[in-house]
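Accompanying notes for the structure given below.
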Amino acid sequence: MPELPEVETVARGLSPVLVGARLTRVEARRPDLRYPLPVDFVQHLTGARVLALTRRAKYLLAPLDRGRTLLMHLGMTGRFEIAEAAGDPGSAPAKHAHVLIETERGTRITFFDTRRFGFMDLIDDEALAAHPRLAGLGPEPLGEAFDAAYLGRAFSGRRQNVKTLLLDQRVVAGLGNIYVCEALFRAGISPVRAAGAVSRRRLAVLVEAVRGVLVEAMAAGGSTLRDFAAADGQLGYFQHSFQVYGRAGGPCARPACGGVVRRLVQGGRSSFYCPVCQK
Ligand SMILES: [Zn+2]
């Protein structure tokens, strides 16, 4: 499942081909993804110019010159492919290629989604900030507003465990299970610790750990992205090496620790952690 680093990487990959470009041909090959597409989806996008492409949490936002913003979410298996629009004009589009967008620059962007948990919507610009998907989201984990002082306020008096609160999109936007597990490991904080009981000093370590795992994943994804783009224009996924995620029963990655990675379920999600060095 794409998490924040993947979505950010997709945004960076799509920006050069979309931002400033007019969309010359749009094809929705089915009426719905996870949710129905707007009835005027193709009509509104065709001829529109893309003004920007940004990420908020795991949403991609492309404001258009027509007063609406295209919101896109990759779901579990969504991915984009960038190709020359002139290529393979006669061949039938591939399976699971649900949305095709061609620009005046001769580029074709194809959205594939095998399981169709992704979605796209068109939202009036003036309604964007108050939109249910975007209103109430916490600060971006890579933004300046996310710091130890902020986390201290957000966690103050909370008896819920720190893992569950970090996954709460109202506390911090866009963090998923994998990177929360990795950040807690890096910070040496147990996922079962009550959030309100984590000291300010350790919250500062946690903030840096969150930023670190995301930035490193993006750096890895960036290099993978370049390789992919050179090969076949694929955008969407890359392989990471995780220190605790998915490693239950294996040795702790800290050489001197000697602990064994454990898995437990919190709020219906698997947590992976080292009970020796995460306190
Ligand atoms: Zn350990």
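Quick note: the coordinates plus some simple rules give every number you see, no bench work behind them. On a predicted model such as this, the values are computed, not experimentally measured, just so you know. Here the Cβ is made from the backbone with ideal geometry for all residues, glycine too, and neighbour counts use every protein chain on show.
Points to keep in mind about this one:
- Using the average count of surrounding beta-carbon atoms within 10 Å as a protection proxy, the listed peptides 123-135, 58-70 rank, highest first, as 58-70, 123-135.
- Computed about the Cα centre, the dipole magnitude for the chain is approximately 1380 debye when only Lys and Arg (+1) and Asp and Glu (-1) carry charge, each at its Cβ.
- Dividing the helix sum by the residues of the chain, where each DSSP H run of 4 or more adds -39500 (n - 2.57), gives a mean residue ellipticity at 222 nm of -9000 deg cm²/dmol.
- Spacing of the modelled spin labels on Arg254 and Ala129, each 7 Å from Cα toward Cβ, amounts to 4.4 nm.
- Options Val172, Gly143, Ser156, ranked by Cα towards positive dipole end of the chain, top entry (Cβ charges): Ser156
- Between helix 177-187 and the chain: long-axis angle, C-alpha atoms, 0 to 90°, nearest 10: 40
- Extended-chain gain in nm, criterion 0.36 nm per residue less alpha-carbon gap, Ser270 and Leu137: 45.6 nm
- Compared with the dominant Cα axis of the chain, that is its longest principal axis, helix 200-231 is turned about 40°.
- Cα gyration tensor shape of the stretch 105-158, rounded if a/c is under 1.5, else prolate or oblate by comparing a/b with b/c: prolate
- Highest-first packing order for the peptide set 107-115, 175-183, 94-102, 258-266 is 175-183, 107-115, 94-102, 258-266, based on the mean count of other beta carbon atoms within 10 Å.
- Scaled radius of gyration (Cα, divided by 2.2 N^0.38 Å) that the chain gives: 1.09
- Label-to-label distance for Arg201 and Lys95 is 5.8 nm, based on points extended 7 Å past Cα in the beta-carbon direction.
- Each peptide in 199-209, 268-278 gets a packing score, the mean of other Cβ atoms within 10 Å over its residues, and the list from highest to lowest is 268-278, 199-209.
- FRET efficiency estimate (nearest 0.05) - Cβ-Cβ, Gln160 to Glu84, R0 41 angstrom: 0.20
- Order of Ser190, Ser15, Ser241 - criterion: other Cβ atoms within 10 Å of each residue's Cβ, fewest first: Ser241, Ser15, Ser190
- Under 14 Å from Lys163, Cα to Cα: aspartates and glutamates that are on another chain or at least 8 residues apart: Glu182
- Taking 1.002 mPa s as the viscosity and 20 °C as the temperature, the Stokes-Einstein diffusion coefficient of the stretch 92-211 based on its alpha-carbon Kirkwood radius rounds to 127 µm²/s.
- Inter-site label distance for Met1 and Arg153 at 7 Å from Cα along Cβ, in nm: 2.9
- On Cα atoms only, tilt of 4-18 relative to the major axis of the chain in degrees: 20
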